[in-house]
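The values are calculated or read from the model by the stated rules, or taken from the named source; none is laboratory data. Owing to the predicted nature of the structure, the values given are computational and were not obtained by experimental measurement. Cβ: placed from backbone, ideal geometry, glycine included. Neighbour counts: every protein chain shown.
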Amino acid sequence: MQTTKIKIVLADDENIILTGLRKILNELSDIVVVCGTASDGEQLKQLVDQEHPDLVITDICMPQLSGLDVIEYIQSAKPKPEIVIISGYKNFEYAQSAMKYGVSEYLLKPIDPKELVTLVKRLHRDILKKKSINVLEKPVFERDIPQEAEFFYQILVARCETVQDSFRLETLIADTVPDRCYYFKYHADLCVVFSFPSAKEASLVAFQYAQFLLSNISADYAIGEVSQGLNGISQSYASACQILELFFFFNEKKVLSNADQAVFCPKPEDSLNSTLDNLCAYIRQGDRLAANRELDCLEEVIMRASGGVRDIAIIHFYSAADKIRQLISDPELLELYSPDNILEFIKECRKFQQIKEFLKNMILDTIEQMGSKKETQTNFEIKTVMDYIQTNFNKNITLESMANLVHKNAYYFSAFFKKCTNENFKDYVMRVRMEKALEELKNTDKTINNIAMETGFIDPHYFSKVFKKYFGFTASSVRKKTDND
């Protein structure tokens, strides 16, 4: 029977804090067990390696290891534990930032016992739920899959973005699953088990079938490691789940397996600090091309340094953004790229490439405010957007499409437009359309319905309502006045 207790490691350089934490957690002895305490970062590393805890509660600042180093090391552990950081008032902002990157929660000293108990109870539930999802239980597959001691088994796991795609994929698998292969649904995952006399044959059929599924339905497909005997299926499933996490780093849909983890192996010449220093030097020089090339290098170095762990990659990206921000002197740009804005954007990114594009825009903006060509470039970009809207006001104009027009990220284009024009993007588009509509009403005999369509409004009634709200008089009153004149 699986135990309901979770293992906890505590770390703080103050013994009185450790004693207090132990005393509070004793109230939860039915669901937790404290398997060790550490007074510095090195001891914590050893405990994580030895005990494989489910939860680590640690001070953010300890001797021999910085806060980010602790978090990064713990997150690279397998299995990865949940992390709760505790912090004094002076380190509150640092703790708050770290929380965004894989840390479950932070607690401010002095610790409120009730708050800690409530938090640990919640994490206990979350951890047990996660364990049940990532470990394939034997009853799920044993009743349907015949056991062949000498056969090799391999599992394909697919995850869809929508319920509709999941239903379509499940139907496709049911209709096309190859011989000696078995499928089932486990939580939200669609699983296909391949059973063959040789490991090579199992892997070949698994990959070919995954490619067939991908050609029909877009989803994330991961092939777990090969196991001999049915007992290894659970481990194959666990490895497939781990591989699925790598899709954060890839833009295109593809089939991933253990072989794809090779791209995350660091190279001897890799150096995050020197690459970032070179990037900042090119930014200071105002050399956009060189800065973009160095950003490509930084992307590769971060990808390899992450080891395929999303949270570690995000930590490195945030550190890079923070260093670039130090080069900014323009107050408005500093506000645009405030720590909170950076954290919020990176937190919402679903793909590695999105964060790189964010850094690219940040670099370009920083170079512009440092160089003499800033005003010319900004004026050119704003003029490009305004000219497009003036001549294409009847089309579906969106914030995203205009951001793409001038090669900017949509998240920052809105603020960029407002900063340069003192007018919101949507307000400007509406003003152009209303002024064009008024001009057409006064100077042509087109119907109001046609004018509505030609200024980007599908519904004439909605056009009339917006027109009256904008000008304070109706479109029909303009037409009547024009006819009388």
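Quick check on region 378-399. Is at least one of its residues in a loop (DSSP other than H, G, I, E, B), among the hydrophobic types (A, V, I, L, M, F, W, C) and over 24 Å from the mean Cα position of the chain (by Cα)? Within region 378-399 (the criterion being in a loop (DSSP other than H, G, I, E, B), among the hydrophobic types (A, V, I, L, M, F, W, C) and over 24 Å from the mean Cα position of the chain (by Cα)), the answer is yes, since at least one residue qualifies. Being hydrophobic (A, V, I, L, M, F, W, C), closer than 28 Å to GLU14 by Cα, modelled with pLDDT of 80 or more and assigned to a loop (DSSP other than H, G, I, E, B): is that true of ILE111 here? So ILE111 passes the test. Here the condition is being modelled with pLDDT of 85 or more and touching a helix residue (DSSP H, G or I) at 6+ places or on another chain (Cβ under 7 Å); of VAL135, VAL103, VAL48, it holds for VAL48 alone.
Looking across region 273-287, the residues that are touching a helix residue (DSSP H, G or I) at 6+ places or on another chain (Cβ under 6 Å) and of a type outside the set (Ser, Thr, Tyr) come down to LEU276, ASN278, LEU279, ILE283, GLY286. A residue that is outside any helix (DSSP H, G or I) and over 21 Å from GLU332 (Cα atoms) occurs somewhere in region 432-445. Here GLY456 fulfils each of the conditions (1) in contact (Cβ under 8 Å) with a residue 60 or more places away in the chain; (2) in a helix (DSSP H, G or I) apart from (2).
Return a yes/no flag: does region 303-310 have any residue that is touching a strand residue (DSSP E or B) at 6+ places or on another chain (Cβ under 8 Å), in contact (Cβ under 8 Å) with a residue 12 or more places away in the chain and crowded, with 17+ Cβ neighbours inside 10 Å. Looking through region 303-310, none of the residues is touching a strand residue (DSSP E or B) at 6+ places or on another chain (Cβ under 8 Å), in contact (Cβ under 8 Å) with a residue 12 or more places away in the chain and crowded, with 17+ Cβ neighbours inside 10 Å.
Do we have any residue at all in region 239-248 that's surrounded by fewer than 20 Cβ atoms within 10 Å (Cβ to Cβ), in contact with a Lys or Arg (Cβ under 7 Å, 6 or more places away or on another chain) and more than 30 Å from ALA210 (Cβ to Cβ)? There is no residue in region 239-248 that is surrounded by fewer than 20 Cβ atoms within 10 Å (Cβ to Cβ), in contact with a Lys or Arg (Cβ under 7 Å, 6 or more places away or on another chain) and more than 30 Å from ALA210 (Cβ to Cβ). Filtered by the rule that a residue be of a type outside the set (A, V, I, L, M, F, W, C), within 34 Å of the chain's Cα centre (by Cα) and within 15 Å of ILE60 (Cβ to Cβ), region 4-20 gives ASP12, ASP13.
Inspect region 11-26 for any residue being farther than 13 Å from ILE111 by Cβ, part of a helix (DSSP H, G or I) and without any contact (Cβ under 8 Å) to a residue 12 or more places away in the chain and give the result as yes or no. Looking through region 11-26, at least one residue is farther than 13 Å from ILE111 by Cβ, part of a helix (DSSP H, G or I) and without any contact (Cβ under 8 Å) to a residue 12 or more places away in the chain. Anything in region 217-257 that is β-branched (Val, Ile, Thr) and not in a helix (DSSP H, G or I)? List them, or say none. Result: ILE217, ILE223, VAL226, VAL255. Set side by side, the residues PHE152, PHE184, PHE141 differ, and just one is under 12 Å from LEU230 (Cα atoms) and either charged (D, E, K, R) or modelled with pLDDT under 90 (or both), which is PHE141. Against the numbered list (1) farther than 30 Å from LYS347 by Cα; (2) at pLDDT below 90; (3) not basic (Lys, Arg), TYR411 comes up short only at (1). For VAL478, state whether it is touching a Leu at 6+ places or on another chain (Cβ under 6 Å) and surrounded by 14 or more Cβ atoms within 10 Å (Cβ to Cβ). Considered against the rule, which asks whether it is touching a Leu at 6+ places or on another chain (Cβ under 6 Å) and surrounded by 14 or more Cβ atoms within 10 Å (Cβ to Cβ), VAL478 comes out as yes.
The residue list VAL48, VAL33 contains one member that is in a strand (DSSP E or B), assigned by TED's automatic domain parsing to the domain that holds VAL84 and not aromatic (Phe, Trp, Tyr), which is VAL33. Hey, can you tell me all the residues within region 280-299 that are touching a Lys or Arg at 6+ places or on another chain (Cβ under 9 Å) and surrounded by fewer than 16 Cβ atoms within 10 Å (Cβ to Cβ)? Hits for region 280-299 are ASN292, ASP296.
Filtering VAL205, VAL226 for residues that are in the same structural domain as TYR153 (by TED's automatic domain parsing), over 20 Å from ALA174 (Cβ atoms) and at pLDDT 90 or above leaves a single hit, VAL226.
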